[in-house]
1. Mind listing whichever residues of region 190-249 are within 14 Å of the ligand (Cβ to nearest atom), open to solvent by 10 Å² or more (accessible area, probe 1.4 Å) and on the phi > 0 side of the Ramachandran plot?
2. If you take just the helices (runs of 4 or more DSSP H) that sit entirely in region 87-134, which of them hold at least 3 residues that are among the charged types (D, E, K, R) and more than 15 Å from the ligand (Cβ to nearest atom)?
3. Answer yes if at least one residue in region 39-48 is assigned to a strand (DSSP E or B), within 16 Å of the ligand (Cβ to nearest atom), in contact (Cβ under 8 Å) with a residue 12 or more places away in the chain and within 14 Å of the chain's Cα centre (by Cα), and no otherwise.
4. Please indicate, with yes or no, whether at least one residue in region 121-130 is within 25 Å of His181 (Cα to Cα), among the charged types (D, E, K, R) and open to solvent by less than 40 Å² (accessible area, probe 1.4 Å).
5. Which one of these is surrounded by 17 or more Cβ atoms within 10 Å (Cβ to Cβ), closer than 20 Å to Gln142 by Cβ and either polar (S, T, N, Q) or modelled with pLDDT under 95 (or both): Ser92, Ser48?
6. Which of the residues belonging to region 9-23 are open to solvent by less than 10 Å² (accessible area, probe 1.4 Å) and either away from the ligand (no atom under 16 Å from the Cβ) or touching a strand residue (DSSP E or B) at 6+ places or on another chain (Cβ under 6 Å) (or both)?
7. When region 180-234 is examined, which residues are found to be more than 14 Å from the chain's Cα centre (by Cα), assigned to a loop (DSSP other than H, G, I, E, B) and of a type in the set (A, V, I, L, M)?
Amino acid sequence: MRKLAAGNWKMNGTSADLAEASALKAAHPAPGVDILLCPPATLLSRLSDSVGATIATGGQDCHAAASGAHTGDISAPMLADAGASHVILGHSERRTDHAETDADVHAKTQAALAAGLTALVCVGETQAQREAGKTLDVVGRQLAGSVPDSATAATLVIAYEPVWAIGSGRVPTLEQIAEVHDFIRGELTARFGADARAMRLLYGGSVKPANAAEIFAISNVDGALVGGASLKARDFSAIVTALENAAPD
Ligand code: PGA
């Protein structure tokens with residue numbers, strides 16, 4: 001399995017930031033891991049054109065329908081047409097800001113797969129859910145509800161992102177990450193059998209150059225979904241290098 005370093009630019013980035021993607025490409029002309037950048041939709045086409053051969057690109061959300069009267073929304077075939085090979089779905093910011101349910105994420109994931117995109121489905125508990133001892137219940141429910149049966153190792157990536165770790169500088173202990181990643185692997189194996197071994201499980205939430213190596217040493221962590229530290233080529237490049245240097249599982 002090739003590991004995956006995914007960057008989520010969120011609602012950041014204008015034309016001037018295309019240079020960060022070019023610098024990242026220049027730093028990793030033949031990367032030993034897969035690199036994915038998910039810029040805002042306004043930059044997707046240009047970024048795909050400029051770094052596409054080395055760095056995969058993705059959207060940050062898509063609509064469940066392929067086209068229609070949905071002002072402001074973007075469909076999976078549109079992302080593919082703009083050069084995307086991936087799309088992030090069910091990010092906690094979408095689940096919170098846009099009240100997305102597991103059923104919504106399930107429908108969007110089906111739309112992504114139908115358009116030939118790989119879906120990067122996000123799951124993760126809130127601080128209150130963790131304190132109540134409900135982390136595995138919540139993650140299990142999100143997985144069951146968000147991931148369609150048609151997913152395969154080639155078309156599905158899971159990102160475990162504790163909501164309280166996103167953008168906060170707070171990271172779970174290595175044991176806490178290991179526990180949830182082992183649990184996710186088990187749930188996927190129960191559902192998808194041997195194919196689940198090749199499904200990539202990313203950790204996300206305040207991954208930085210300083211903590212990347214120890215996170216990547218955890219078994220069943222096959223990469224990272226990186227927000228803030230993906231905006232600058234220098235930081236993201238250090239994370240890519242840490243992933244390249246991580247021992248295979
Ligand atoms: P962060 O964001 O790395 O800034 O914590 C991660 C994410 O939301 O994907």
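The values are calculated or read from the model by the stated rules, or taken from the named source; none is laboratory data. Bear in mind that the values here come from a model prediction, so they are computed numbers and not experimental data. Every residue, glycine among them, receives a Cβ derived from its backbone with ideal geometry; neighbour counts consider all protein chains shown. All accessible areas refer to the heavy atoms of the entire protein, side chains included, with ligands and DNA or RNA removed. Shrake-Rupley method; radii C 1.70, N 1.55, O 1.52, S 1.80 Å.
1. If the condition is that a residue be within 14 Å of the ligand (Cβ to nearest atom), open to solvent by 10 Å² or more (accessible area, probe 1.4 Å) and on the phi > 0 side of the Ramachandran plot, then Ser206 is the only one that fits.
2. 102-114
3. No, every residue in region 39-48 fails to be assigned to a strand (DSSP E or B), within 16 Å of the ligand (Cβ to nearest atom), in contact (Cβ under 8 Å) with a residue 12 or more places away in the chain and within 14 Å of the chain's Cα centre (by Cα).
4. For region 121-130, residues within 25 Å of His181 (Cα to Cα), among the charged types (D, E, K, R) and open to solvent by less than 40 Å² (accessible area, probe 1.4 Å): present.
5. The unique qualifying residue is Ser92.
6. Ala21
7. Ala217, Ile218, Leu231
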